[in-house]
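*Asks:* Please see the structure below; I have some questions.
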Amino acid sequence: MNLKPLIGLLGVLVAALNAEFNELVMATALPDFRGAFGISHDPGIWLESLYAFGMVVGMALSPWLAVTFTLRRFTLFAIGLTCGTTLLIPFAPDWATMLGLRLFQGLGGGFTIPLLMTTALRVLPPPIRLYGLAVYALTATFSPAISSSIAALWTDIVDWRFVFFEALPLGTVSAVLVWHGLPQESPHLERLRRFDWRGAVLLAVGAGSLTTLMYHGSHLDWFDSQLVCILAALCVVAFPLLALNEWFHPLPLLKLQLLGRRNFAYGVIALFLFVVLSLSSSVVPLTYLAGVQGYRALQGHWIMLVIALGQFLMLPAVAFLLDRRWADARIVTLCGLGLVACACLGAAAIDASWNREQFYLWQALQAIGQPMVVVPLLMMATNALKAPEEGPFASALINTARSLAVPVGTAILELVERWRGAFHSERLVDEVGRSRFQPMSSPMGLTTATGDHGETFARAVETQVSVLTTADTFLVLFAVGVVLALLVLLLPVRTYPPRILFAKH
């Protein structure tokens, strides 16, 4: 077998991981970044929402552009765009320039990540394709987990600017590998005459409205804000028009007809739900440790290392398991979901005494269960493809759904924190009010505050509210896992590993 395509695939993998680190490490280090530039919380949200907007648009356009300009040329362009904008952000002269660079940084990341799946489907023969999909799964399981450790290294040990400077060495390595490994081909520039401009505009309007709505809805008080109502109306109009346009366009950006195949539809929906569910192992515990226990990134990253390091064992192990004829991907998925569900329920028993040590067991279950969900869904989705030409269309749909899951998941967490936090706060204050003349502690462990102890009492109430809201968040994400399990039971059909399935043809 020619090793050059595998070298090229390795380069695309490094580029995709670099793009993921750009997003996730900066998200973790955002408080330090805002502090260095004197940016308050609400304006700082634009740094996240604009990146997410660029990511969605980039993931939808990337496979189409890669076919048009050739995989090698477009991958090198995406690497250059990602690294260039990342390195310029710390030197932005003003706020508007910084936001513009952040948008193009997200666009570069969105261009890069789908190329990994596109390249894997193109260069890997059926006997080893399943292991290539496990490599792609690193971007969904390994990157979110290791990013907190990288952020802790830069912000707490080295210097916050290295959050951006880290893009240069990884980008250089990936560019050299891609330049050497991917074949030189002639571009198909005639496709530009049939470019789906209407679809691109509708996608930009819909994605921009949705990401802004999801990230800014909470501090704008949701539908009490006129801006939120306008954004929601734009989403309601733009997305149906986009679907209608893509269905009838002769060369669409998103080939929606693929969703008529049960296993592929399952893969798209399941990856969306999986990204939301994976917040139970990353954002939620880190937010609790930072808010209640006062952890810095350097202290909290250890619980994420459990998941990150576990992927190097579990991803190839799951791929090896699924490569057996007798292994049913649906059963493997249900077993993985069972482990993740147990982790969510176990973590929902959280109380104010929990530190990182109490999370290790549940994070270990996540580390085992997550690969058992994501690798089977990728296999089932890609096995539904009938021709190599469908690979870029599949990559666009799968990755666009994945990119939309991040802002939606963020909004879900904020809604839980807003509604359940307000409920618990009112309940605790009412309970203390009823027992204010009683000398004993309240059933929730709060003692009536008088005199100089008022500040201590307020802190105790705030801590209990955070703990109870965190427990509710784990239960909500457990419900997402239940929905995903029901989807596994109802939608996909049995399929076999690529080396067996495609050997019949």
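The values are calculated or read from the model by the stated rules, or taken from the named source; none is laboratory data. As the structure is a prediction and not an experimental result, all values here were calculated from the model. Note that we place each Cβ from the backbone using ideal geometry, even for glycine, and neighbour counts take in every protein chain shown.
*Asks:* Quick one: which residue in M98, M59 is modelled with pLDDT of 90 or more and in a helix (DSSP H, G or I)?
*Replies:* Of the residues listed, the single one that is modelled with pLDDT of 90 or more and in a helix (DSSP H, G or I) is M59.
*Asks:* In the stretch 283-298, which residue that is more than 20 Å from V465 (Cα to Cα) and not basic (K, R) is surrounded by the fewest Cβ atoms within 10 Å (Cβ to Cβ)?
*Replies:* Per the criteria, the residue is L298.
*Asks:* Let me ask something additional. Quick check on the stretch 460-505: of everything there that is polar (S, T, N, Q) and either assigned to a helix (DSSP H, G or I) or in contact with a strand residue (DSSP E or B) (Cβ under 8 Å, 6 or more places away or on another chain) (or both), which residue is surrounded by the fewest Cβ atoms within 10 Å (Cβ to Cβ)?
*Replies:* In this case the residue turns out to be T463.
*Asks:* Looking at Y288, Y295 in this structure, which one is of a type in the set (S, T, Y) and either within 29 Å of G267 (Cα to Cα) or part of a loop (DSSP other than H, G, I, E, B) (or both)?
*Replies:* Of Y288, Y295, the one residue that is of a type in the set (S, T, Y) and either within 29 Å of G267 (Cα to Cα) or part of a loop (DSSP other than H, G, I, E, B) (or both) is Y295.
*Asks:* Only one of L24, L65, L47 is over 22 Å from the mean Cα position of the chain (by Cα), surrounded by 20 or more Cβ atoms within 10 Å (Cβ to Cβ) and either at pLDDT 85 or above or not basic (K, R) (or both); which?
*Replies:* Exactly one residue qualifies, and that residue is L65.
*Asks:* For the subset of the stretch 239-268 comprising residues that are of a type in the set (G, A, S) and under 20 Å from P497 (Cα atoms), which member is farthest from the chain's Cα centre (by Cα)?
*Replies:* Here the residue is A265.
*Asks:* Looking at this structure, is L116 crowded, with 22+ Cβ neighbours inside 10 Å, closer than 27 Å to P376 by Cβ and hydrophobic (A, V, I, L, M, F, W, C)?
*Replies:* So L116 fits the description; yes.
*Asks:* Return the only residue of A29, A78 being of a type outside the set (F, W, Y) and either within 14 Å of the chain's Cα centre (by Cα) or modelled with pLDDT of 90 or more (or both).
*Replies:* On inspection, the qualifying residue turns out to be A78.
*Asks:* Here's a check for you: in the stretch 85-129, which residue that is closer than 18 Å to L61 by Cβ and of a type in the set (G, A, S) is farthest from the chain's Cα centre (by Cα)?
*Replies:* Looking at the filtered set, the residue picked out is G108.
*Asks:* Going through the stretch 3-36 one residue at a time, which ones are touching a residue at least 12 places away in the same chain (Cβ under 8 Å) and out of contact with any Ser or Thr (no Cβ under 9 Å at 6 or more places or on another chain)?
*Replies:* Listed by number, the residues that qualify are K4, L6, I7, L30, A36.
*Asks:* Could I ask something else about it? State all residues of the stretch 275-325 that are at pLDDT below 80 and in contact with a Pro (Cβ under 6 Å, 6 or more places away or on another chain); if no residue qualifies, say none.
*Replies:* The answer is S282, and nothing else.
*Asks:* In contact with a Gly (Cβ under 8 Å, 6 or more places away or on another chain) and in the same structural domain as F21 (by TED's automatic domain parsing): which single residue out of L177, L168, L153 fits that description?
*Replies:* L177
*Asks:* Follow-up. For the stretch 155-222, which fully contained helices (runs of 4 or more DSSP H) count at least 2 residues that are in contact (Cβ under 8 Å) with a residue 24 or more places away in the chain and more than 26 Å from L99 (Cα to Cα)?
*Replies:* 167-181
*Asks:* Which of the residues that make up the stretch 247-263 are more than 13 Å from T400 (Cα to Cα) and charged (D, E, K, R)?
*Replies:* Once the filter is applied, which keeps residues that are more than 13 Å from T400 (Cα to Cα) and charged (D, E, K, R), the stretch 247-263 yields R261, R262.
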